[in-house]
Amino acid sequence: MTATVTPTTGDPIPVLKAFAALRRITGTYPEGHPVVAQKVRELYDLVQQHMADRDAVQIEMIRGDVHADGLSFAGDVHASQLMADLSTLGVQSIHISRGVEAAELHAIAQFLWDLKDGPAASPFGQQLSDRGVSHVTLGRLVPLDTRWRTEQWPDSPQGRIDPDYAETLMLAQQTFETVQAGGRLEPGSIQNLVHLLIHKVAQSNVALGQILALKQYENLTYCHSVNVATLSLLLGRRLGFDEEMSAALVEAALLHDIGKTRVPLDVVKKPGALDTRERRMIEAHTTFGAEILIQIDGLRPMTPVVALEHHRTVKGGGYPDLGEGAVPHVMSQIVSVADIYEALTGARSYQDPMKPDRACLVLARLAGEKLNTALVKTFVNVVTFFPIGSLVRTSRDETGVVIRTNPNDPLHPILALVGDNLDPTGEVDTSRRDESGKYQRHVIETLKPQADGLDLSRYFPELTPGPLAGIGAMGSASA
Ligand SMILES: [Fe+2]
């Protein structure tokens, strides 16, 4: 995902530059020199400005872009060099939380300077706390796009996976592995996948819930692709797509990233800043994808187009370069929305993945600039802030799993309450009101999904509900 925007506030690049300047000056001037104090003050003031409307400044360097709050910011050559330097030192993220003091920022600059002598002997966290830093963390990122099993999340979800979702994942994995090994993509097996996804996975609340839960642990391209296809389908259905258009959308979404099988694994794997050559290679997954797909007889005509265009913006930017102002097809625009949402809410670093409500807000910030505003609005309405499968807390301090959404009241879903020993203890409809017309309870926050080995399938009355249960619940709210 590369979502480059030019927002008026929250641009992290000046903070990054101020850090670099302070680091250099700390290493060059003797301790106590007034120019050091001045640079510390400048950085501190800049950080405070960022804190004006948020509790933390989170800067991440991913694939040569500087990200803050999941958004990517366009930097200049100078910023690229800074990122490459920090990445070499093993630093790909800087998180600063409210309450940070100027002395801590100075200590970080000093620490970064000291790293030039070689890799850190003990973990960053330990060394920083030894230096009295408690409001700043430095870290490495786990790559966003991976073709292998991530091992950072050993406590994978408990319980059985919806059999149709499991089968879809397996077929998608085979497809990607076949292409990666130089084999031919079989249109027949793609059609099986499309059918399974439309008629089984997207109809099952358990499967839809597991898409949310499982991807916190699995971060594979094929898994991402299945999830993007499902989310695209939910959006397409809401837009009134008929059977054939839905099938075309699902096929295109499933294969949108197939070109990554042609990008060298070490470049795909590299979490930090990329040099220009590597960046071009990653960006080429769009044209590689189109090339692979256009040669396969039996695929639908939109499939290579979406692979080519899914990183283009509605303003005619993005990559690959298709000529001045070329705006992507609406199918590509749908896949872009689902792709970015899926990437934000999936496992992407040592941090917890972004919660759905927060990811919806990030999409809203990209609307009009990168993404189609009408599609973003519809998408947020479909997935809602509390999608099926979310573990949430209510204003009555109850914990529950979202098992259905209320079409006319997306912020007040129906929950299966979770008891003390994780047993389901009954359902509540959070849209219910008391005699005076007030809500009896609200959902106040999303908790970490799958906490403490929660087996999602226990909370749904049956494994595969009737036709359109999943879509109906998620997809028929008033738009
Ligand atoms: Fe992509």
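The values are calculated or read from the model by the stated rules, or taken from the named source; none is laboratory data. Note that the structure is predicted; figures quoted are calculated from it, not measured. Please note: Cβ atoms are built from the backbone with ideal geometry, for glycine as well, and neighbour counts cover all protein chains shown.
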- Task: Please work out which one of (1) closer than 29 Å to VAL443 by Cβ; (2) within 14 Å of the ligand (Cβ to nearest atom) is the condition ASN372 fails and give its number.
- Result: (2)
- Message: For the structure I just gave you, tell me whether TYR439 is aromatic (Phe, Trp, Tyr) and at pLDDT below 75.
- Response: no
- Task: Can you tell me which residue within region 272-291, out of those that are away from the ligand (no atom under 15 Å from the Cβ) and within 22 Å of the chain's Cα centre (by Cα), is nearest to ILE258 (Cα to Cα)?
- Result: GLU278
- Can you find a residue in region 203-224 that is part of a helix (DSSP H, G or I), closer than 14 Å to ASP162 by Cα, in the same structural domain as CYS360 (by TED's automatic domain parsing) and modelled with pLDDT of 85 or more? no
- Task: Give the residue, chosen from HIS135, HIS106, that is surrounded by fewer than 18 Cβ atoms within 10 Å (Cβ to Cβ), touching a Ser or Thr at 6+ places or on another chain (Cβ under 8 Å) and modelled with pLDDT of 65 or more.
- Result: HIS135
- Scan (1) more than 15 Å from the ligand (Cβ to nearest atom); (2) farther than 25 Å from HIS78 by Cα; (3) buried (at least 24 other Cβ atoms within 10 Å of the Cβ) for the single condition HIS310 breaks and write down its number. (1)
- All positions within region 5-52 that are surrounded by fewer than 19 Cβ atoms within 10 Å (Cβ to Cβ), of a type in the set (D, E, K, R), at pLDDT 85 or above and within 20 Å of LYS116 (Cα to Cα): LYS17, ARG24
- Task: For LEU144, state whether it is within 23 Å of the chain's Cα centre (by Cα), at pLDDT 80 or above and under 23 Å from PRO356 (Cβ atoms).
- Result: no
- Task: Taking the residues in region 226-258 that are of a type outside the set (Phe, Trp, Tyr) and not in a helix (DSSP H, G or I) as candidates, determine which candidate is surrounded by the most Cβ atoms within 10 Å (Cβ to Cβ).
- Result: HIS256
- Checked region 313-342 for anything away from the ligand (no atom under 15 Å from the Cβ) and under 20 Å from PHE241 (Cα atoms); matches are HIS329, VAL330
- Message: Can you list residue pairs whose Cβ atoms sit under 6 Å apart, with the first residue in region 409-432 being polar (S, T, N, Q) and the second being not in a loop (DSSP other than H, G, I, E, B)? Count only pairs 6 or more apart in sequence or on different chains.
- Response: THR425/LEU417; THR430/VAL443
